[in-house]
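Working notes, beginning with the structure itself.
The values are calculated or read from the model by the stated rules, or taken from the named source; none is laboratory data. Treat the numbers as computed from the prediction; the structure is a model and nothing was measured. Cβ sites come from the backbone with ideal geometry, for glycine too, and all protein chains shown count toward neighbours.
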Amino acid sequence: MKIGRKEKEFFLPACKILTSRELQKSELNEAFTKLVNMNKLIEGKYGQVKISPNLHLCLHICECALDYGPLSSFWCFSFERMNGIIGT
């Protein structure tokens, strides 16, 4: 599934908020709202069957950030990516 321009208008600002080093609760609320709107657009365009687990789980990212702080402090994606590069 290719993400459309309207979906990007919600997704990119939410990512910018979520990847910042300092998070404010109001910003997390804004990011959550944008992610909900993105999911609604995708569901409206492609149907509920296209709401993948990743799209559902993205709605819980803000909650994780509230519990554990900025995502960069606990996510392992860069570490996992490096393992993939080294492994090949």
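Kindly establish whether LEU66 is more than 10 Å from the chain's Cα centre (by Cα) and touching a residue at least 24 places away in the same chain (Cβ under 8 Å).
On the way: more than 10 Å from the chain's Cα centre (by Cα): yes; touching a residue at least 24 places away in the same chain (Cβ under 8 Å): yes.
Judged against the criteria, LEU66 is a match.
Please verify whether the range 19-26 includes one or more residues that are under 22 Å from SER72 (Cα atoms), under 14 Å from the mean Cα position of the chain (by Cα) and assigned to a helix (DSSP H, G or I).
Step one: filter the range 19-26 for residues under 22 Å from SER72 (Cα atoms), giving 19-26.
Still in the list and also under 14 Å from the mean Cα position of the chain (by Cα): 19-20.
Remaining after also requiring assigned to a helix (DSSP H, G or I): none.
No - not one qualifying residue is present in the range 19-26.
Report, by residue number, each residue of the range 50-65 that is aliphatic (A, V, I, L, M) and surrounded by 13 or more Cβ atoms within 10 Å (Cβ to Cβ).
Step one: filter the range 50-65 for residues aliphatic (A, V, I, L, M), giving 51, 55, 57, 59, 61, 65.
Correct list: ILE51, LEU55, LEU59, ILE61, ALA65.
Mind telling me which of the residues LYS2, LYS25 ends up being basic (Lys, Arg), exposed (fewer than 13 other Cβ atoms within 10 Å of the Cβ) and at pLDDT 90 or above?
On the way: LYS2 fails: at pLDDT 90 or above.
The match here is LYS25.
Being of a type outside the set (Gly, Ala, Ser), within 15 Å of GLU7 (Cα to Cα) and either assigned to a helix (DSSP H, G or I) or modelled with pLDDT of 85 or more (or both) is the filter here; which residues of the range 43-53 pass it?
Step one: filter the range 43-53 for residues of a type outside the set (Gly, Ala, Ser), giving 43, 45-46, 48-51, 53.
Keeping just the survivors that are within 15 Å of GLU7 (Cα to Cα) gives 43, 45-46, 50-51.
Matches in the range 43-53: GLU43, LYS45, TYR46, LYS50.
Scan the range 77-88 and give yes if some residue there is surrounded by 13 or more Cβ atoms within 10 Å (Cβ to Cβ) and either at pLDDT 85 or above or part of a helix (DSSP H, G or I) (or both), otherwise no.
At the first step, the residues of the range 77-88 found to be surrounded by 13 or more Cβ atoms within 10 Å (Cβ to Cβ) are none.
Taking every residue of the range 77-88 in turn, none turns out to be surrounded by 13 or more Cβ atoms within 10 Å (Cβ to Cβ) and either at pLDDT 85 or above or part of a helix (DSSP H, G or I) (or both).
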